[in-house]
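Working notes, structure below.
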Amino acid sequence: GPEGQIAAERVEFNVADGTGTFHTASGFISLGETADRTQFGNQDPDYIFTGETIEKLGGRWYRITRGTLTACVQPTPRWQLVLDTLTLNLDDYAFARNAGLRVKGVPLMYLPMIYYPIQEDERATGFLMPTYGTSALRGQAVSNAFFWAIGRSHDATLFHDWYTKAGQGAGAEYRYILGPQSSGNFRLY
């Protein structure tokens with residue numbers, strides 16, 4: 001289709017409803033002209049994937065079982081997700097279970113679940129990726145946050161930080177834009 005292609009050893013496809021299963025498959029999905037090419041090393045903004053099975057569930061819905069996903073075009077990708085299942089709604093989100101992040105082929109991190117928004121407005125409510133840091137004063141730190149996209153012109157973020165030496169911290173931030181010359185940011189910690 002116009003968003004990408006799939007190649008497989010064997011295909012079972014229902015032409016009437018546009019669903020099917022691709023066995024031992026690979027392919028790519030293009031993010032199109034709206035994607036920022038600089039985030040892809042000025043290469044084509046494509047996601048390259050493989051799967052033991054890839055199911056087209058209808059419309060722009062897909063499920064990849066026991067496969068990989070990357071945006072790198074090198075023979076050994078700089079990064080790659082190795083996953084049990086990935087459900088992909090090209091208009092809304094990607095949801096993966098039992099995913100492992102590999103960098104240059106080396107396993108780096110296990111993620112039991114990932115929810116990644118891929119909406120056109122690039123704003124979605126959800127948990128942000130946790131961060132880890134260290135300092136001499138506070139010790140090691142793990143920071144978590146939840147982002148709430150309230151509407152097109154305002155949002156909120158809730159924070160929780162845990163420090164080995166300094167204890168815990170919590171806070172919130174609210175941002176809004178009422179017009180070209182009217183905006184604000186409130187932060188409490």
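The values are calculated or read from the model by the stated rules, or taken from the named source; none is laboratory data. These numbers come from a predicted model, not from an experiment. Note: ideal-geometry Cβ built from the backbone for every residue, glycine included; neighbour counts use all protein chains shown. The accessibility values were calculated without ligands, DNA or RNA, using every heavy atom of the protein model including side chains. Shrake-Rupley method; radii C 1.70, N 1.55, O 1.52, S 1.80 Å.
General remarks:
- Listed values for region 142-154 are Karplus-derived 3J(HN,Hα) couplings in whole Hz (6.51 cos²θ - 1.76 cosθ + 1.60, θ = phi - 60°), namely 10, 10, 10, 8, 10, 9, 10, 7, 5, x, 5, 10, 7, and x replaces Gly and Pro.
- Just so you know, the Rg over Rh for region 47-131 is 0.96, from Cα atoms, with Rh as the Kirkwood radius.
- Here's the picture: charge each Lys and Arg Cβ at +1 and each Asp and Glu Cβ at -1 in the chain, and of Trp148, Ala94, Ile48 the one pushed furthest to the positive end of that dipole is Trp148.
- For Ile118, the residues 5 or more places off, or on other chains, whose built amide H falls under 5 Å of its own are Asp92, Tyr93, Ala94.
- The residues of region 119-189 expose on average 77 square angstrom of accessible surface per residue, using a 1.4 Å probe on protein heavy atoms.
- C-alpha center-to-center spacing [region 1-29, region 44-102] in angstrom: 14
- One chain, two ends: Ala170 and Asn144. Fully extended at 0.36 nm per residue, the span grows by 8.4 nm beyond their Cα-Cα distance.
- Dipole magnitude for the chain: computed about the Cα centre from +1 point charges on Lys and Arg Cβ and -1 point charges on Asp and Glu Cβ, it is near 800 debye.
- What the phi angles of region 12-24 give under the Karplus curve with 6.51, -1.76 and 1.60, with θ = phi - 60°, is a coupling list of 10, 9, 9, 5, 5, 10, x, 10, x, 10, 10, 9, 6 Hz, glycine and proline written as x.
- The magnitude of the dipole of region 48-98, with charges of +1 and -1 set on the Cβ of Lys/Arg and Asp/Glu and taken from the Cα centre, is near 80 debye.
- Taking only the alpha carbons of region 104-147, we obtain Rg and Dmax values of 14.5, 41 Å in that order.
- Cβ crowding within 10 Å averaged over residues, with 14-23, 124-133 ranked highest first: 14-23, 124-133
- Percent carbon-and-sulfur accessible area, the chain, ignoring ligands, DNA and RNA, probe 1.4 Å: 56
- Debye-formula intensities of the chain, expressed as log10 I(q)/I(0) at q = 0.10, 0.13, 0.19 Å⁻¹, are -0.56, -0.87, -1.33 (one equal scatterer per alpha-carbon, no solvent).
- Here Asn185 and Tyr115 are evaluated by their C-beta separation; at R0 = 35 Å the FRET efficiency comes out at 0.85.
- Gyration tensor analysis over the Cα atoms of region 135-189 returns equivalent ellipsoid semi-axes of 30, 11, 7 Å (largest first, whole Å).
- Candidate residues Lys165, Lys56: accessible-area rank, largest first, probe 1.4 Å: Lys165, Lys56
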